[in-house]
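The values are calculated or read from the model by the stated rules, or taken from the named source; none is laboratory data. Owing to the predicted nature of the structure, the values given are computational and were not obtained by experimental measurement. Counting neighbours? That spans all protein chains shown, and the Cβs are built from the backbone with ideal geometry, glycine included. Remember, those area values only see protein heavy atoms, side chains included, never the ligands or the DNA or RNA. Shrake-Rupley method; radii C 1.70, N 1.55, O 1.52, S 1.80 Å.
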Amino acid sequence: MKLQYIFGGFAVASLSLSVSSCISGNSNNELADIPAGDQMADTSLIVSGEVVSDMIQNISSPVEMANEVKGTGVGFSQNLLNPAGQENKYETSFKKAVNLGVYAADLGYINTFNKNLVVVDYLGSIKRLSDGIGVGQFLDFNTLTRLAKNSTNLDSLKQLSVTSFNDIDRYLREQNRSNVSTAIVVGTWVEGLYITSSVVKQTGDKGLIDRLGEQKDIVEIIRIVVNAYSRSDRDYKNLSTKIEELRKIYEGVRVTTEMGVPETKEVDGMLVIVQNEITTIDFADDQVVNNIIGKIAEIRSMLVE
């Protein structure tokens, strides 16, 4: 059960949520590298692995979303991003983890528009947040920064990032810290939707509007997982309330999928038949779109404040 997504616009990071077994947020191993008083609350719960698998397999990568944003012709806007250097105000492990995810989505957007100099500032924020939740040892900040300054080194940057974030993933799983992983994933997801919805407000782009509508099933899955953690964690409880409000808005969205015409493709030298699907998004009215955009902005503001 792994989420394959572009972390920071650099790497296909495998961020797993190993929650088919008992999730314990206060094991001795988990707390060893986290400052005293900065631990996430105990979450001794069992969450269905299938539920989590659905969530992580269907969330779009921030780079995928950013590419669609760029495709509308709208230029780069740093005002859409959570400013780098904000990490010092995030005091709880939840806030640090969720904003690590936020900055990951921001970096995906930044790199889609090839703003290399801005990347360095965001890498710094990611490194400090990673240190704050006890996983900074897996990021070679100096090397990442050097590679980020030179666009010809992007392949090396990608490979190093893959290694680094796979190490983070493995460590979090070994330490039974799935609640921390979930916060990172949710932060990435919310920020990607926030950037997308902000561009929808500017352009009214139909493709991006459909992308927002496609999130209906993901919202439901995220609601289930977040609600499970909310029983013993205040930050998760606040998030759960907002996600439930978003879910109710999505009741005005209908998503239908039909089987399309199969096509033959060559994969690794072999011909395979790929079954295409056609998804149709219908909104009850235009206000539903506006309400989704408004609620996403509200959730994002709560996470980054």
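Might you let me know whether segment 253-271 holds any residue that is in contact with a Gly (Cβ under 9 Å, 6 or more places away or on another chain), more than 29 Å from Thr92 (Cα to Cα), part of a helix (DSSP H, G or I) and not β-branched (Val, Ile, Thr)? No: zero hits. For segment 272-296, taking the residues that are farther than 22 Å from Tyr194 by Cβ and part of a strand (DSSP E or B), the one that is modelled with the highest pLDDT is identified as Asp282. Once segment 169-179 is narrowed to residues that are part of a helix (DSSP H, G or I), modelled with pLDDT of 70 or more and open to solvent by less than 20 Å² (accessible area, probe 1.4 Å), the residue that is nearest to Phe141 (Cα to Cα) is Leu172.
Taking the criterion of being at pLDDT below 85, among the aliphatic types (A, V, I, L, M) and assigned to a loop (DSSP other than H, G, I, E, B), the only residue of segment 50-88 that qualifies is Ile59.
Of the set (1) open to solvent by 10 Å² or more (accessible area, probe 1.4 Å); (2) farther than 18 Å from Ala105 by Cβ; (3) out of contact with any helix residue (DSSP H, G or I) (no Cβ under 7 Å at 6 or more places or on another chain), all apply to Gly213 but (1).
Here Arg146 meets each of (1) in a loop (DSSP other than H, G, I, E, B); (2) over 16 Å from the mean Cα position of the chain (by Cα) with one exception, condition (1).
Residue by residue, here is whether (1) within 19 Å of the chain's Cα centre (by Cα); (2) of a type in the set (D, E, K, R) holds:
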position: Lys216; (1), (2): yes, yes
position: Asn227; (1), (2): yes, no
position: Asp233; (1), (2): no, yes
position: Asp286; (1), (2): no, yes
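Selection over segment 216-251 of residues that are of a type outside the set (Val, Ile, Thr) and open to solvent by less than 20 Å² (accessible area, probe 1.4 Å) gives a count of 9. So, in segment 96-135, of the ones that are surrounded by fewer than 24 Cβ atoms within 10 Å (Cβ to Cβ) and among the basic types (Lys, Arg), which residue ends up modelled with the highest pLDDT? Looking at residues that are surrounded by fewer than 24 Cβ atoms within 10 Å (Cβ to Cβ) and among the basic types (Lys, Arg), I get Arg128.
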